[in-house]
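Take a look at the structure set out below.
The values are calculated or read from the model by the stated rules, or taken from the named source; none is laboratory data. Values in this document were obtained by computation on a predicted structure and should not be read as measured data. Using ideal geometry, Cβ is built from the backbone for each residue, glycine included, and neighbour counts are taken over all protein chains shown.
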Amino acid sequence: MLDYRAFSAANQFRGAWEQQGEPARPRVSPRRNLPPVAGKKPDRNAPSKFRLAGMGLELAGAVIGGCAIGWYIDRKFETRYGLMTGALIGIVGGMYNLLKQALKTIKDEQKRIDESKDAVDGDH
């Protein structure tokens, strides 16, 4: 039976490394949690890029959803202003959610900054 592991590039590199007299390096899967870059620790309290991107996607989803509902109303009841009304309701609802989340993020960030200042002041 053919052993496919023998042909992988990683095993060939590993074998060449061991032949030089060096101990074998541990195998690390690229999908596992890797250690942070030397000297840098991730700030887990800062708002993530994904959280901010999610806010924008929610706004877009509200507008698209409002337009879809308005388009359906236009087609079902043969009206002229359903799409525009749905779009406006979607924009208003999306902006409300965006501002609510943005204000919560600002409040959380200010709280984190105040706590870190208190911790620094308490040390001295």
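When the range 86-119 is filtered for residues that are hydrophobic (A, V, I, L, M, F, W, C) and in contact (Cβ under 8 Å) with a residue 40 or more places away in the chain, the ones remaining, listed by number, are Leu98, Ala102.
Every residue, every condition in (1) under 21 Å from the mean Cα position of the chain (by Cα); (2) surrounded by fewer than 13 Cβ atoms within 10 Å (Cβ to Cβ); (3) on the phi > 0 side of the Ramachandran plot, yes or no:
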site: Ile91; (1), (2), (3): no, no, no
site: Gly94; (1), (2), (3): yes, no, no
site: Asn97; (1), (2), (3): yes, no, no
site: Ala119; (1), (2), (3): no, yes, no
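The residues of the range 54-85 that are of a type outside the set (A, V, I, L, M), assigned to a helix (DSSP H, G or I) and farther than 22 Å from Gln101 by Cβ, listed by number, are Gly70, Trp71, Tyr72, Asp74, Arg75, Lys76, Phe77, Gly82, Thr85. Within the range 46-75, the set of residues being basic (Lys, Arg) and either modelled with pLDDT of 95 or more or surrounded by 13 or more Cβ atoms within 10 Å (Cβ to Cβ) (or both) comprises Arg75 only.
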